[in-house]
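Everything on this sheet refers to the single structure shown next.
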Amino acid sequence: MTNSDELKIATPSTTTNNTSINTNTTIAKSLDDPNWKEKLKLPPKDNRPKTSDVTNTKGHSFEDYCLKRELLMGIYEKGWEKPSPVQEQAIPIALTGRDVLARAKNGTGKTGAYTIPIVERIDPTKNAVQAIILVPTRELALQTSAICMELSKHIQLRVMVTTGGTSLREDISRLQEVVHIIIATPGRLLDLVNKNLAKIDACRVIVLDEADKLLSQDFNHLLDELLYVMPKDRQVMLFSATFPLTVDDFIKKHMKQAYEINLMDELTLKGRYGHLGLAISLITYDDRFTVHTIEQELGTEILPIPRHIEETLYVAKAPAIEQSIDEQQADK
């Protein structure tokens, strides 16, 4: 992806005054319309079978959390029909400003669990960085920014992505404009802070996504420096599938009465966002001891790749696979 492509995702285009007025008028009419849901541009419904990762809910709806109408419009137009289990637990707590420590499997709605409260609590009229989302990789930063942009498209928030692969000159240019949310890798953000380019001394929300990687020795000291610059009454939220032992030290140093969410008591073979799937990892002979340790800690068994994989686990059939499956069924 080129820098120009990335800029289109990270920075909303500047509009004329007439366009802004028309957009605001349209939103205002939507807020007064009791049938606003019927006029949303919804994506095609996802009818794939889902697992308990997303179906084992308490029956909440996004409207139960008293979110802004503009945010609800963005949520539904993204195709999110109701909160997943991790969202049900995290969103109401995060909206109060309390620290959150959430452990849930990848693909079960963790990103929405923190982006929804962040977008809800940001004041778009304030010209200041109000939330920071730290991620370990550029790819995850771009994915997260795309979600933030979709959720906030009716609110006119400004989202900025900065990672080791972005242009420093472009970052400087964007920081001279309004930025409400920064999504970044720790090293790049700290570099901008130390150069006095990014002002985060008034930012009161910070999220660590894939916290297990961010709490490694490679990033740990960078997090300490960033949090030192932020206000002491900030909100800290950690989201990850696993947490290393170093999380205890981080909690003691930087979090206050964190609300703990654990939706991953055991390792399962459920797919991304609750869809049935099969997780396959290729390991070396020397990794067998690590696999054994994982089995013990999670109380599960990691099996070799099966000779035959159930047909329903394929996202799409390749012609050769489809022919093989048909032949197997004919033999039966």
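The values are calculated or read from the model by the stated rules, or taken from the named source; none is laboratory data. The shown structure was predicted, so the numbers you read here are calculated from the model rather than taken from an experiment. Note: ideal-geometry Cβ built from the backbone for every residue, glycine included; neighbour counts use all protein chains shown.
A few comments on the model shown:
- Residue list for region 105-142, restricted to those being more than 14 Å from I182 (Cα to Cα) and of a type in the set (A, V, I, L, M, F, W, C): A113, I116
- Residue under evaluation P124, criteria (1) modelled with pLDDT of 95 or more; (2) surrounded by fewer than 19 Cβ atoms within 10 Å (Cβ to Cβ); (3) not aromatic (F, W, Y), criterion not met: (1)
- Scan region 63-73 for residues that are crowded, with 18+ Cβ neighbours inside 10 Å and farther than 15 Å from R121 by Cα and the total you get is 1.
- Within region 93-104, the residues that satisfy the criterion of being out of contact with any helix residue (DSSP H, G or I) (no Cβ under 6 Å at 6 or more places or on another chain) and surrounded by 17 or more Cβ atoms within 10 Å (Cβ to Cβ) are I93, D99, L101, R103.
- Leading residue by the ranking (farthest from T185 (Cα to Cα)) among those in region 123-144 that are of a type in the set (A, V, I, L, M, F, W, C) and part of a loop (DSSP other than H, G, I, E, B): A128
- Some residue of region 110-118 being surrounded by 18 or more Cβ atoms within 10 Å (Cβ to Cβ), farther than 23 Å from K232 by Cα, polar (S, T, N, Q) and in contact with a helix residue (DSSP H, G or I) (Cβ under 8 Å, 6 or more places away or on another chain): yes
- Listed conditions (1) in a loop (DSSP other than H, G, I, E, B); (2) within 14 Å of I118 (Cα to Cα) are all met by Q87, apart from (1).
- Unique match (being in contact with a strand residue (DSSP E or B) (Cβ under 8 Å, 6 or more places away or on another chain), among the small types (G, A, S) and at pLDDT 95 or above) among A241, A211, A146, A184: A184
- When K78, K41 are checked against the criterion of being more than 20 Å from the chain's Cα centre (by Cα) and among the basic types (K, R), K41 stands alone in meeting it.
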